[in-house]
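Notes for the one structure printed next.
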Amino acid sequence: MYRNRLLFIYILIALALPVATLAGTLTGVVTDPEGKAVPNARVLLLRSLVVVGERQTDVEGAYRFEELPDGNYRLTAEAPGLAADQVEAAVTGGGTETRDLQLKLSAMTTQVVVSSSLGGALIPQVGASVSLVTGEDLEDRAAQNAYESLRGIPGVEVNQSGRRGGVTGVFIRGGESKYNAVMVDGVAMNDFGGGMDMASLPADGIERVEVTRGPQSALYGSNAVTGVINIVSRRGEGPPEFTALAEGGSYSTRRFATGGSGLSRGFSWAYNLSRLDSDGVVANDRYRNQSAFLNLGYRHRNRRQLEFSFFGNANDAGAPGAYGSDPGGTNPGHTVDTISRGKQNLFGYRLGYTEQFSSRVRQVTSASLTTNDLSYISTWGDYFAEHLRGLFNTRTEIALTDTASLAAGFEFNREQTKHTYITDEQFAPFLLPRTSLAYFAEARYSPSDRLHLIGGIRVDHLRTGRIPSDGWTRPVIPASTVVQANPRLSAAYIAREDRGSGAFGSTRIHGSFGTGIRPPDGFELAFTDNPELKPERNISFDAGVEQTLFGSRAIVDVTYFLNRFRDQIVTLGGSVANLSEYSSDNLKNSRAQGLEFTLRLRPVQSLELTGAYTFLDTDILALDGSSEANAPYSVGQWLLRRPRHSGSYGVTWNHRRLTLNTTAYIRGETLDVEPAFGQPFFTNPGYVRADAGFAYRLSRGVEIYGRINNLLNRKYEETLGYPALRLNFMAGMRFRFPSE
């Protein structure tokens with residue numbers, strides 16, 4: 001009853017706020033360093049630290065924001081290799097203000113990210129560690145899957161089970177692969193308990209991929225333990241345009257995609273359809289992936305906005321098994337499994353509505369639904385798994401002053417799972433539900449142009465449903481409730497401003513602190529006799545220095561991070577220091593700390609160079625109440641599949657119609673297990689994977705491209721027993737209409 005009253009008062013306050021009179025206009029032209037107009041540049045409009053509008057310049061470099069409420073604004077713009085300083089503008093009395101923006105050569109990006117702050121924020125104003133990969137970057141790499149955008153990001157390790165379609169996990173700053181909140185256009189895609197196979201997400205149709213490292217449970221609740229991966233698909237802007245591609249290559253691999261977008265009279269639309277097929281390397285290695293994005297929107301002046309997003313994926317992948325290295329001697333003939341095969345249908349829907357109640361207050365509301373159905377056939381028996389998540393979120397954003405803002409709201413989240421192997425006394429699968437009701441708030445304050453502060457907190461009320469007895473070892477486990485508060489703080493300070501001369505430019509000090517949680521998954525709950533399982537937790541801190549050089553043509557960033565994982569779930573089948581006879585409990589602890597180095601160079605607009613290196617130190621700590629770790633692990637041992645050393649480089653060169661690109665990923669040795677039965681412990685050697693490609697723009701919007709992957713033909717396994725593809729190539733054509 002108390003919560004219902006709070007909700008009723010919350011809605012009444014929002015509805016009672018006065019409606020703003022929207023009449024002002026901001027317009028101007030974006031030019032390059034030589035004074036030439038820049039088409040397709042992205043212009044951002046900010047008010048009270050929050051991005052309130054985005055526009056793309058037309059063929060003459062012009063932009064226009066209409067029907068704006070009176071007030072003070074800031075404008076900035078960017079294009080590939082170019083960025084503009086922020087410009088102030090005041091709209092009063094419904095007049096028209098003109099602000100031209102001149103871009104300068106820069107390796108720094110000023111794009112807005114929506115995964116690191118409520119309402120979105122510019123990257124330089126965020127204290128947390130954020131990396132951004134654009135759609136153009138994915139095109140330069142001829143990427144086929146979204147997880148390829150994550151390779152080379154400092155602190156991020158991508159681990160795939162061999163071939164296309166193989167299970168792909170992502171480890172951020174030493175955390176488990178279940179510790180990342182994964183979103184597509186704001187739709188939470190994680191399974192019950194945090195699992196997410198990244199292999200199913202395509203690269204086609206993506207505008208950008210945001211990776212925020214560090215706990216973000218203050219923003220997104222459960223699963224955002226070590227980071228957030230947010231995939232944003234393309235939106236409709238400007239006149240209608242259409243794209244298509246067709247490519248083919250090694251192992252009878254072929255890919256087709258088509259997309260389009262447009263904006264007219266407030267209505268926007270964008271879509272993308274793609275299909276990827278491959279016959280694979282060995283028997284039963286065929287793979288098919290079909291995906292679709294759809295975005296529809298309506299914007300009535302700047303007062304209200306309605307959005308609908310859809311993402312769908314259907315894939316079918318063979319599972320030839322661990323036919324590679326055999327350190328445990330369990331598959332001496334390197335036998336290929338010719339029967340096992342899996343299918344997946346993953347769908348996400350989102351409806352969002354934004355209402356500008358007054359010049360300083362707006363309400364943002366969204367509802368989303370995610371379904372993930374999997375089926376698997378094998379010689380060991382068939383099984384299925386069904387996951388469903390429904391989410392409702394609403395928040396009020398208030399511009400308190402020109403330098404301070406506040407956002408607060410609540411979220412209702414219902415998730416459930418059903419699995420063949422999670423059964424009751426009659427060996428029948430049952431539905432396992434969990435409900436979360438959360439309240440959250442975030443404040444942003446910039447007392448000057450040099451200091452930016454963000455603080456927030458979220459309180460989650462997690463209730464997990466009753467689990468019936470399995471008639472064997474698990475008794476009836478009653479419904480349980482956990483209340484968890486997660487704070488978050490971040491700061492960015494410009495210790496030295498760019499004076500426009502000399503080698504050293506601006507110096508930015510940034511840091512963040514936060515906590516994260518992950519509730520137990522279905523297996524952890526179903527295969528235990530312990531009704532007291534709590535969420536796993538992380539307490540994290542990071543701090544770094546970013547230095548620009550040579551007029552922002554180079555940027556160097558060094559960041560230290562520390563994750564302390566507590567209450568991790570361990571199942572004890574015997575006794576360790578007499579802790580338990582048979583129990584799953586929050587006893588396990590571990591730690592991950594390290595350094596991240598990032599380098600970006602833009603000596604000329606046509607050339608971009610990037611480099612990254614991560615040093616990661618991980619340790620398994622003793623179980624609570626014991627001097628030992630859970631068997632067969634030992635105290636001080638590395639965490640599995642987290643390399644101590646990893647790095648990458650990338651070079652992209654554009655010369656008129658020609659683009660050349662090369663990338664490489666370097667990973668040191670890791671600790672792994674024997675693939676068939678998980679026997680401990682074996683060293684997985686490090687590897688170097690280098691790729692190179694080109695693209696050449698012909699006339700009338702036609703482009704040809706090609707890429708060689710693993711061009712050094714290295715033999716390696718990201719996961720022991722599952723060989724990665726040897727040297728292979730892809731080549732194809734892209735079409736754009738109308739042509740640029």
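Length available on full extension from Ala37 to His461: 0.36 nm per residue minus the Cα-Cα distance, which gives 147.4 nm. Compute the acute angle (0 to 90°) between the alpha-carbon long axis of helix 2-16 and the principal axis of greatest extent of the alpha-carbon atoms of the chain; round to the nearest 10°. Long axis of 2-16 versus the principal axis of the chain: about 20 degrees. If you look at the Cα atoms of region 387-492, you get an Rg and a Dmax of 20.4, 65 Å.
Other residues within the sphere of radius under 12 Å centred on the Cβ of Asn159, judged by their own Cβ, net out at -2 (K and R +1, D and E -1). Ordered by the number of other Cβ atoms lying within 10 Å of each residue's own Cβ, fewest first, Glu536, Glu524 fall into the sequence Glu524, Glu536.
The modelled label-to-label distance for the pair Val635/Arg726, using points 7 Å beyond Cα in the direction of Cβ, is 4.7 nm.
Based on alpha-carbon atoms, the Kirkwood radius and the radius of gyration of region 66-149 give Rg/Rh equal to 1.06. For Lys36, the lysines whose Cα comes closer than 16 Å to its Cα, not counting residues fewer than 8 places off in the same chain, are Lys104. Going from the residue with the fewest nearby Cβ atoms within 10 Å to the one with the most, Ile123, Ile517 rank Ile123, Ile517. Cut-off under 19 Å on the C-alpha distance; same-chain residues fewer than 8 positions from Lys343 excluded. Which lysines are left, in chain and number order? Filter leaves Lys418. Each of Phe597, Gly409, Gly686 was placed along the dipole of the chain (beta-carbon charges, centred on the mean Cα), and the one lying farthest toward the positive end is Gly409.
So if we plug the beta-carbon distance of Ala485 and Arg564 into 1/(1 + (r/R0)^6) with R0 = 30 Å, what FRET efficiency do we get, rounded to 0.05? Given R0 = 30 Å and the Cβ-Cβ separation, E is 0.95. If a spin label sat at a point 7 angstrom from the Cα of Ser378 along the line to its beta carbon, the backbone N atoms of region 163-185 nearer than 17 Å would be those of 163, 165-169. Evaluating 6.51 cos²θ - 1.76 cosθ + 1.60 at θ = phi - 60° for every residue in region 426-442, the Karplus couplings come out as 8, 6, 9, x, 10, 7, 10, x, 9, 10, 10, 10, 10, 10, 9, 8, 9 Hz, glycine and proline recorded as x.
Residue farthest toward the positive end of the dipole of the chain, with Cβ of Lys/Arg at +1 and Asp/Glu at -1: which of Ser606, Asn284, Tyr147? Of the options given, the answer is Ser606. Using the Stokes-Einstein relation with a Kirkwood hydrodynamic radius computed over Cα pairs, the translational diffusion coefficient of the chain at 20 °C and a viscosity of 1.002 mPa s comes to 79 µm²/s. Other residues with beta-carbon under 10 Å from the beta-carbon of Met183 carry, at +1 per Lys or Arg and -1 per Asp or Glu, a net charge of -1.
Going from the residue with the fewest nearby Cβ atoms within 10 Å to the one with the most, Met733, Met108 rank Met733, Met108. Rounded to the nearest 20, the Cβ-based charge dipole of the chain about its Cα centre (Lys and Arg +1, Asp and Glu -1) stands at 1160 debye. Projected onto planes of every orientation and averaged, the convex hull of the alpha-carbon atoms in region 101-244 covers 10.2 nm².
Per residue of the chain, the DSSP helices (runs of n ≥ 4 H) give a summed -39500 (n - 2.57) that works out to -1000 deg cm²/dmol at 222 nm.
Quick note: the coordinates plus some simple rules give every number you see, no bench work behind them. Only a predicted model underlies this, so the values are computations on that prediction, with no experimental measurement involved. Positions of Cβ are generated from backbone atoms using ideal geometry, with glycine treated the same way; all protein chains shown enter the neighbour counts.
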